[in-house]
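Derivation of every value follows stated rules applied to the coordinates shown; laboratory data play no part. Here the structure is a predicted model, which is why all the values come from computation and not from measurement. So basically every Cβ, Gly included, is an ideal-geometry build from the backbone, and we count neighbours across all protein chains shown.
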Amino acid sequence: MDIFSTDFIVFTLGGTGVSLLELISVLAGLSCVVLAGRNSKYNFWIGYLYNILLFLLFLQQHLYSAMLLQPIAFAINGFGHWRWTHPRTGEQSTSDPKSLKVSLMTWRGRGLLFGAVVVFGTAWGFILSRLGNEWFANVFSPDPTPYMDSFVLMMTLSAQYLSALKKWDCWIVWLLVNIANIILYISAGLVFMPIVSALYLLNGLWSLYTWYRLYEKEND
């Protein structure tokens with residue numbers, strides 16, 4: 001049996017099997033966010049691996065929408081890697097001129113981001129609500145929570161983009177994403193993934209604090 005197949009179960013938690021591929025993906029994801037919360041540019045190298053692992057995991061699980069998201073996330077990760085290590089004039093960290101400093105979004109920017117999430121989340125939710133029901137019913141299984149899934153997706157992309165720009169606000173969005181994921185996973189009867197999302201949530205709370213301290217330090 002292929003040890004990187006989702007059929008290769010490492011352990012069972014609450015009646016749900018956890019494969020080696022899923023376990024490695026979770027460890028890579030946790031490592032990535034912990035490093036990001038510690039303001040380490042090395043989070044991007046782990047992030048590349050994480051996107052590849054998720055692509056393989058979702059491919060094996062036939063979750064094609066989530067699978068196709070990974071190349072987009074990979075590109076955002078690459079963009080963030082460049083921005084963090086190539087700050088423009090006035091964006092340099094006081095502790096390291098070759099690093100991007102933490103900044104805050106303007107209220108106008110927050111409003112535009114909120115509007116974009118609402119518009120694109122509603123549009124994609126509408127599409128998901130039709131897939132498997134009215135459209136391509138013989139190809140796709142109906143999504144039980146199309147609008148919830150859609151808004152979580154849009155918030156995830158928004159958080160990734162804000163992280164790439166090293167905006168403190170990204171951690172607020174990540175907190176919302178993790179809370180939503182915990183609700184989704186529990187409602188789906190999963191045991192392992194809510195625990196993982198809870199760890200992400202704790203890291204997000206700590207990162208929210210540490211990044212704001214960095215922002216205050218670099219903008220004295």
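Taking only Cα atoms, what is the 0 to 90° angle, nearest 10, from helix 43-60's long axis to the longest principal axis of the chain? Tilt of helix 43-60: around 10 degrees.
A crude spin-label estimate for the pair residue 85 and residue 126, with each label 7 Å from Cα along the Cβ direction, gives 4.2 nm.
Sorted from longest to shortest, the spans of the Cα atoms of region 144-184 along the three principal axes equal 34, 15, 9 Å. The angle between the Cα long axis of helix 146-164 and the main principal axis of the chain comes to about 30°, on a 0 to 90 degree scale. To the nearest ten degrees, helix 170-187 and the longest principal axis of the Cα atoms of the chain are 20 degrees apart.
Sorting 211, 168 on the 10 Å Cβ count, fewest up front, what's the list?
Values: 211 23, 168 18.
The fewest-first ordering by Cβ neighbours comes to 168, 211.
Relative to the compact-globule estimate of 2.2 N^0.38 Å, the Cα radius of gyration of region 78-220 comes out at 1.25.
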